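Presented below is the structure to which this report refers.
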Amino acid sequence: MKIHEFAKELSHKLHRGQTRRDIGIPHTVHTDYVGDNVHQYYTPSLASNMDVARAVGYLHNAVEDCDITQEWLEDKGFEEYGRDWLVVVNNVMLLTRVSSNTPILDYLKGIKGSIIAKAVKLTDLQRNISDSSPGNLRDKCKLCQFFLET
């Protein structure tokens, strides 16, 4: 099984029964979208890591929304995928805003430093913008998107 296929299955297990609180659809619809569409932010340096980027897309909300730790996630796929799995987990952790006290710019700067995390976050923001009604949340997503793209 490829790394992104494993990550998608794991995401489905972790998010089973969860819905997006703002629109009520299963959370896996969102995570599947991000994993399936991260290629939209293709760059030549991302090309060799596309399966890893897709895996990160499927798992981007796992630590934040599920009762798991970084260590648990590392243990889940390391034996099978080795170093590539650690790259997945490290990028998932970059995408995990551990505390709402973390300044948003510090959080985004960390993401901007990784081509994989940046591509995943831009895909996530794109989906969040399309799922949100006009207002503060959509505006916040657009500002984050602008910051990451500049």
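The values are calculated or read from the model by the stated rules, or taken from the named source; none is laboratory data. These figures come from a predicted structure and were not determined experimentally. Cβ placement follows ideal geometry from the backbone for every residue including glycine, while neighbour counts extend to all protein chains displayed.
So here's what we get for this one:
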{"quantity": "Residues of the stretch 67-98 that turn out to be under 20 Å from Pro44 (Cβ atoms) and touching a Ser or Thr at 6+ places or on another chain (Cβ under 8 Å), as a count", "calculated": "1"}
{"quantity": "Residue list for the stretch 48-102, filter: of a type in the set (D, E, K, R), surrounded by 14 or more Cβ atoms within 10 Å (Cβ to Cβ) and at pLDDT 95 or above", "calculated": "Asp51, Arg54, Glu74, Lys76, Asp84"}
{"quantity": "Pairs where the first residue, in the stretch 98-113, is without any contact (Cβ under 8 Å) to a residue 24 or more places away in the chain and within 19 Å of Asp65 (Cα to Cα) and the second is part of a loop (DSSP other than H, G, I, E, B) and among the charged types (D, E, K, R), C-beta under 9 Å, 6+ apart", "calculated": "Tyr107/Arg97"}
{"quantity": "Filter result for Ala119 (more than 20 Å from Leu143 (Cα to Cα) and either among the charged types (D, E, K, R) or in contact with a helix residue (DSSP H, G or I) (Cβ under 7 Å, 6 or more places away or on another chain) (or both))", "calculated": "no"}
{"quantity": "Condition met for Ala47 (under 19 Å from Ile3 (Cβ atoms) and touching a helix residue (DSSP H, G or I) at 6+ places or on another chain (Cβ under 7 Å))", "calculated": "no"}
{"quantity": "In the stretch 105-150, residue modelled with the lowest pLDDT [restricted to those that are closer than 24 Å to Ala55 by Cα and β-branched (Val, Ile, Thr)]", "calculated": "Ile129"}
{"quantity": "Yes/no for Thr150 being surrounded by fewer than 17 Cβ atoms within 10 Å (Cβ to Cβ), of a type in the set (S, T, N, Q) and closer than 24 Å to Tyr42 by Cα", "calculated": "yes"}
{"quantity": "Unique residue being under 21 Å from Gly82 (Cα atoms) and over 11 Å from the mean Cα position of the chain (by Cα) when the list is Val52, Val63", "calculated": "Val52"}
{"quantity": "Scan of the stretch 11-67 for residues that are in contact (Cβ under 8 Å) with a residue 24 or more places away in the chain, of a type in the set (D, E, K, R) and within 21 Å of Leu148 (Cα to Cα), ordered by number", "calculated": "Arg54, Glu64"}
{"quantity": "In the stretch 99-147, the residues that are closer than 20 Å to Tyr41 by Cβ, hydroxyl-bearing (Ser, Thr, Tyr) and part of a loop (DSSP other than H, G, I, E, B)", "calculated": "Ser114, Ser132"}
{"quantity": "Pick from the stretch 1-27, criterion at pLDDT below 95 and touching an Asp or Glu at 6+ places or on another chain (Cβ under 8 Å), ranking: nearest to Tyr58 (Cα to Cα)", "calculated": "His27"}
{"quantity": "Neighbours by Cβ (under 7 Å, 6+ apart or cross-chain): first from the stretch 121-147, among the basic types (Lys, Arg); second in a helix (DSSP H, G or I)", "calculated": "Lys121/Ile111; Lys121/Leu148; Arg127/His30; Arg127/Tyr33; Arg127/Val34; Arg138/Ile129; Lys142/Ile129"}
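Table: residues versus (1) among the basic types (Lys, Arg); (2) farther than 20 Å from Tyr33 by Cα.
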site	(1), (2)
Thr69	no, yes
Gly77	no, yes
Leu86	no, yes
Leu94	no, no
Ser99	no, yes
Gly113	no, yes
Thr123	no, no
Lys142	yes, no
